[in-house]
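One structure is given here, and the rest of the page talks about it.
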Amino acid sequence: MDRNALKKALYRTCTALIDQKLEELQQSLTHQQQALLTETKSSAGDKHETGRAMVQLEMEKTGRQILECQQMRCSMEKLDLSFSPLIRLGSVVQTNQANYFVACGIGKIEADNQVYYAISPKAPVGTILLGKTAKETILFRGNTLQIEAVF
C-alpha cells in the first residue's frame, strides 16, 4: 500500500472507531434516560432517591464522553493529510519501535498488516514527536526511538 493510501486507511479506521463509540454512548444514554423514567417511587424513599442520583451521575458521565467523541470527530474532519516532512497533526510516523498516526487518542489500530497507534498530539509521545523529522531520535520513557519515516 502506498503512503497516501495508508494514511487514508488509518484516517478511515479512526473515524469509524469514533463513530462506533459515539453510537454506543448514545445508546447507553438512551437506556439511562429510560431507566430514570421507569424508576418508580417506593416505600423506601431514600433508596429511590439514591438510585435516581446514581442514574443521573451516569448520564452526566456519558454526556461528557459523547461531547469528547464529538470533539474528536470534528478534529478528525479538519485533519490535513497532505505530506509534510515535519511531524504534525495528520502525520504518520514510523520508528524503530512503533508506528504512530498523530490524529486522535484511539490507541492501537491495524492497517496494511502493521500495527499503528493513533495518538493525540497532546499525548506524551505525541508532544515529543511534534516538529521532528525523519532520521531524528527521541527519548521517550527511557527508550531511544529512531524516526525512520514521516509522511
Share of the chain's accessible area from carbon and sulfur, percent, 1.4 Å? 52 percent
Using alpha carbons only, how many degrees (0 to 90, rounded to 10) separate the axis of helix 45-77 from the longest principal axis of the chain? 30 degrees
Using the Karplus curve 6.51 cos²θ - 1.76 cosθ + 1.60 with θ = phi - 60°, work out ³J(HN,Hα) for each residue of region 93-109 in order, rounded to whole Hz, and write x for Gly and Pro. 10, 10, 10, 6, 10, 7, 10, 10, 10, 7, 8, 8, x, 8, x, 6, 9
In the chain, with Lys and Arg counted as +1 and Asp and Glu as -1 at Cβ, which of these residues, Gln114, Asn99, Thr15, has the Cα nearest the positive end of the dipole, that is, farthest along it? Asn99
Determine the calculated [θ] at 222 nm for the chain from helices alone, applying -39500 (n - 2.57) to every DSSP H run no shorter than 4 residues and normalising by the residue count; nearest 500 deg cm²/dmol. -17500 deg cm²/dmol
Label-point gap, in nm, between Gln26 and Thr38 - each point 7 angstrom along Cα→Cβ: 2.2 nm
Over region 1-143, what is the relative contact order in whole percent, taking alpha-carbon pairs under 8 Å and six or more residues apart? 21 percent
Alpha-carbon centroids, region 1-32 and region 82-151: separation in whole Å: 19 Å
If you take Cα extents along the principal axes in Å from the coordinates, which of [x] 69, 44, 25; [y] 70, 33, 25; [z] 41, 31, 24 do you get? [y]
Length added when fully stretched, Lys8-Gln70, from 0.36 nm per residue minus Cα-Cα: 20.3 nm
Under the rule that an exposed site lies in a DSSP loop and has at most 13 other Cβ atoms within 10 Å, name the longest stretch of the chain with no trypsin sites (Lys or Arg not before Pro) of that kind, not counting the sites themselves. 79-121
What spacing in nm lies between the two simple spin-label points modelled at Lys108 and Lys61, each 7 Å away from Cα in the Cβ direction? 2.5 nm
So, relative contact order of region 103-151 in percent, Cα under 8 Å, 6 or more apart, is 23 percent
Karplus (6.51, -1.76, 1.60) ³J(HN,Hα), θ = phi - 60°, over region 16-25, in Hz, Gly and Pro reported as x: 5, 5, 5, 4, 5, 4, 4, 5, 4, 5
If I ignore ligands, DNA and RNA and count only protein heavy atoms, how much of Met1 is accessible to a 1.4 Å probe, in Å² to the nearest 10? 120 Å²
Given a cut-off of 26 Å, name the pairs among Lys21/Lys132; Lys78/Lys132; Lys61/Lys108; Lys108/Lys135; Lys78/Lys135 whose C-alpha atoms lie farther apart than that in the structure shown. Lys21/Lys132; Lys78/Lys135
Which of the chymotrypsin sites (Phe, Trp or Tyr not before Pro) across region 46-103 are loop residues per DSSP, with 13 or fewer other Cβ within 10 Å? Phe83
Estimated dipole of the chain in Debye, rounded to 20 [Cβ of Lys and Arg +1, of Asp and Glu -1, Cα centre]: 380 debye
Å² of accessible area per residue within the chain, as computed with a 1.4 Å probe and no ligands counted: 60 Å²
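The values are calculated or read from the model by the stated rules, or taken from the named source; none is laboratory data. As the structure is a computational prediction, the values presented were derived from the model and not from experiment. Neighbour counts are summed over all protein chains in view; Cβ atoms, including those assigned to glycine, are modelled from backbone coordinates with ideal geometry. Heavy atoms of the whole protein, side chains included, go into the accessibility calculation; ligands, DNA and RNA do not. Shrake-Rupley method; radii C 1.70, N 1.55, O 1.52, S 1.80 Å.
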